[in-house]
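Notes for the one structure printed next.
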Amino acid sequence: MELNISQNNNSQGFIYGKNKQSNFYRVVLAQVLVCVFLYINLVMLFSFFKKEAFRQDTRYILFAHMLFVDTMVLIVTDLGMLLIYFCILVPGVYCILFCTFMETLTSYTPLTLTAMCLERYIAICIPLRHAEISTVQRTLFVILFIWIFGFILCSTDFFAVLATQPESFYLESYICSYEIMLIYVWQSDLRSYICLVVFISVFLFIALTYVKIMHAARAASVEKTSASKARNTVVLHAFQLVLSLISLICPFVEKFIMQINFQIFSDVRYFNFLTFTLFPRCLSPLIYGLRDEKFCSVFQYYIICGMNKPTLQN
């Protein structure tokens with residue numbers, strides 16, 4: 001069953017015309033939040049690349065990868081929101097590439113969270129072998145695996161469109177959203193199953209990691225402060241995971257609401273953007289950047305353009 005998006009273009013423009021002032025305030029608020037988070041993420045990435053010690057530590061490498069993914073997700077999803085709110089029509093060929101790229105980026109978050117929890121598990125529960133197991137080369141290989149596996153998870157709809165749609169589909173212009181790629185019912189069902197499997201697998205892995213770290217924290221051989229920080233980090237990762245995976249479910253809810261009332265669909269999509277796209281991305285700086293004393297001191301130095309040089313030296 002193919003979505004007839006082009007029939008909604010006129011009605012969308014009319015709806016936006018009735019709420020032009022409200023949409024303007026929404027867009028301004030979203031852009032302010034996006035700019036703040038982008039600035040924080042970019043300063044943290046700059047701090048990571050300025051210090052060689054960070055580039056040789058697997059924990060900070062995974063953190064930098066998370067920051068990079070979060071930054072790309074913010075940019076791409078914000079661009080998608082602006083295209084929808086300004087009713088800008090995009091040719092189908094560019095829209096499916098854009099939506100596939102956005103979906104693939106979103107899938108990298110739970111996979112990276114899994115790798116970060118695994119690194120904390122090794123550091124706390126197998127400290128004597130941590131340097132041997134968590135090497136820079138292996139970490140880079142894990143990141144490469146995340147990118148390949150994430151694309152495989154999210155490429156089903158992309159190839160389904162390529163295999164089934166005529167040339168006219170790619171030439172016609174649409175309000176660009178992922179819904180235009182959900183042509184058949186089985187695509188939505190398969191997407192639901194993949195989201196469910198990913199969520200259960202990653203959540204169980206994080207829960208197991210938390211239990212193992214809790215057990216290690218009770219052992220006399222483990223430093224209590226490090227174990228406590230690792231345990232809290234895993235809890236925050238689990239919360240971040242739930243918010244991020246909810247964002248994978250949001251398109252199904254939005255698709256159902258869009259068939260009922262487009263104005264409600266617009267309100268729900270805006271709420272989902274703020275709650276399940278922006279908010280989880282602001283947790284990454286909190287989890288590692290601001291809670292890590294060494295990284296936080298470097299971040300504070302660069303966030304105010306190097307005006308606290310003594311802090312950096314300390």
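The values are calculated or read from the model by the stated rules, or taken from the named source; none is laboratory data. Quick caveat, the model's predicted, so the values are computed rather than measured. Neighbour counts run over all protein chains shown; Cβ positions are idealised from the backbone, glycine included. Side chains are part of the model used for accessible areas, which takes the heavy atoms of the whole protein and leaves out ligands, DNA and RNA. Shrake-Rupley method; radii C 1.70, N 1.55, O 1.52, S 1.80 Å.
Is there a residue being more than 23 Å from the chain's Cα centre (by Cα), open to solvent by 20 Å² or more (accessible area, probe 1.4 Å), of a type outside the set (D, E, K, R) and modelled with pLDDT of 80 or more anywhere in the range 207-216?
Yes.
Please pick out the residue among V73, V36 that is without any contact (Cβ under 8 Å) to a residue 12 or more places away in the chain and over 15 Å from M116 (Cα atoms).
V36
Name the residue that is nearest to H65 (Cα to Cα), counting only residues in the range 127-142 that are of a type in the set (A, V, I, L, M) and surrounded by fewer than 12 Cβ atoms within 10 Å (Cβ to Cβ).
Among residues in the range 127-142 that are of a type in the set (A, V, I, L, M) and surrounded by fewer than 12 Cβ atoms within 10 Å (Cβ to Cβ), the one nearest to H65 (Cα to Cα) is A131.
Given E103, E172, which one is touching a strand residue (DSSP E or B) at 6+ places or on another chain (Cβ under 8 Å) and in contact (Cβ under 8 Å) with a residue 40 or more places away in the chain?
Just one listed residue meets the conditions, E172.
Among (1) open to solvent by less than 10 Å² (accessible area, probe 1.4 Å); (2) modelled with pLDDT of 90 or more, where does L113 come up short?
If we test L113 against (1) open to solvent by less than 10 Å² (accessible area, probe 1.4 Å); (2) modelled with pLDDT of 90 or more, just (2) comes out false.
Which condition breaks for Y108 when tested against (1) touching a residue at least 60 places away in the same chain (Cβ under 8 Å); (2) buried (at least 21 other Cβ atoms within 10 Å of the Cβ)?
(1)
I'd like to know if the range 148-169 contains one or more residues that are in a strand (DSSP E or B) and farther than 26 Å from L113 by Cβ.
No, because not a single residue in the range 148-169 is in a strand (DSSP E or B) and farther than 26 Å from L113 by Cβ.
Does any residue of the range 70-79 turn out to be closer than 30 Å to L208 by Cα and open to solvent by 20 Å² or more (accessible area, probe 1.4 Å)?
yes
All but one of (1) farther than 23 Å from F203 by Cβ; (2) open to solvent by 10 Å² or more (accessible area, probe 1.4 Å); (3) assigned to a helix (DSSP H, G or I); (4) of a type outside the set (D, E) hold for C87; state the number of the condition that does not hold.
(3)
Assess whether P285 counts as being of a type outside the set (G, A, S), modelled with pLDDT under 75 and either within 20 Å of E103 (Cβ to Cβ) or under 16 Å from the mean Cα position of the chain (by Cα) (or both).
So P285 fits the description; yes.
Looking at the range 116-134, I want the residues that are in contact (Cβ under 8 Å) with a residue 24 or more places away in the chain and have a partner that is charged (D, E, K, R) and open to solvent by 60 Å² or more (accessible area, probe 1.4 Å) with Cβ atoms under 7 Å, at least 6 apart or on another chain. Which pairs are those?
Going by the 7 Å Cβ cut-off, the qualifying pairs are Y121/K212; C125/K212.
Which residue, of I183, I143, is in contact (Cβ under 8 Å) with a residue 12 or more places away in the chain, of a type in the set (A, V, I, L, M, F, W, C) and not in a helix (DSSP H, G or I)?
I183
May I ask you to verify whether W147 is open to solvent by 80 Å² or more (accessible area, probe 1.4 Å) and in contact with a helix residue (DSSP H, G or I) (Cβ under 8 Å, 6 or more places away or on another chain)?
Spelling it out, W147 is indeed open to solvent by 80 Å² or more (accessible area, probe 1.4 Å) and in contact with a helix residue (DSSP H, G or I) (Cβ under 8 Å, 6 or more places away or on another chain).
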